[in-house]
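Report on the following structure.
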Amino acid sequence: MENKTPAVTEHKDSIICPNCGTGLQYEAHKSEHHVRMLDLRNIMAILAAVFFGVSLLIDEKEFLIKAIAYGIGALAYLGELMAVTHVFKKRCNMRELLMPLLFGLMYIMLGLSYAIEHFHI
């Protein structure tokens with residue numbers, strides 16, 4: 001019978017998890033704190049997607065809803081940064097941090113632009 005569990009790849013002093021793809025220390029990965037942080041990140045991403053979907057259906061306050069969605073999305077990227085860096089305690093390669101940093105900043109800028117458009121500032 002074939003083993004269907006994903007393989008765990010060892011990389012120097014960390015283990016790359018086959019489920020979430022993060023290269024975290026095994027003990028830290030098993031901790032409840034890390035699991036809660038990943039759950040919150042995923043909840044934020046789902047909420048952002050829901051708000052984006054709602055903004056397509058509502059014409060009145062679509063810019064405000066999109067601004068809220070981008071703000072929640074930026075929080076999801078902050079959660080990603082916190083998960084990868086162990087709540088900013090671990091220094092990571094910039095290649096690993098580039099995408100969440102850039103997309104988090106872009107989400108903030110887009111959220112501000114939609115808020116400005118909504119409030120006519």
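The values are calculated or read from the model by the stated rules, or taken from the named source; none is laboratory data. Please read all numbers here as calculations on a predicted model, not as lab measurements. Here the Cβ positions follow ideal geometry from the backbone for every residue, glycine too, while neighbour counts run over all protein chains shown. Surface areas here come from the heavy atoms of the whole protein model, side chains and all, with no ligands, DNA or RNA. Shrake-Rupley method; radii C 1.70, N 1.55, O 1.52, S 1.80 Å.
Put simply, of TYR107, TYR70 the only residue that is within 23 Å of GLY53 (Cβ to Cβ), aromatic (Phe, Trp, Tyr) and without any contact (Cβ under 8 Å) to a residue 40 or more places away in the chain is TYR107. Beta carbons closer than 9 Å, at least 6 apart along the sequence or on distinct chains, pair a first residue in region 78-100 that is under 15 Å from ASP39 (Cα atoms) with a second that is of a type in the set (Phe, Trp, Tyr) and open to solvent by 50 Å² or more (accessible area, probe 1.4 Å) for GLU80/PHE103; LEU81/PHE88; MET82/PHE88. What about SER55, is it modelled with pLDDT of 60 or more, surrounded by fewer than 17 Cβ atoms within 10 Å (Cβ to Cβ) and among the small types (Gly, Ala, Ser)? Taking the combined requirement at face value, the residue does not satisfy it. Of the numbered criteria (1) basic (Lys, Arg); (2) surrounded by fewer than 16 Cβ atoms within 10 Å (Cβ to Cβ); (3) at pLDDT 95 or above, the one LYS89 fails is (3).
In region 78-85, is there at least one residue being outside any loop (DSSP other than H, G, I, E, B), open to solvent by 90 Å² or more (accessible area, probe 1.4 Å) and at pLDDT below 95? No; the residues of region 78-85 include none that is outside any loop (DSSP other than H, G, I, E, B), open to solvent by 90 Å² or more (accessible area, probe 1.4 Å) and at pLDDT below 95.
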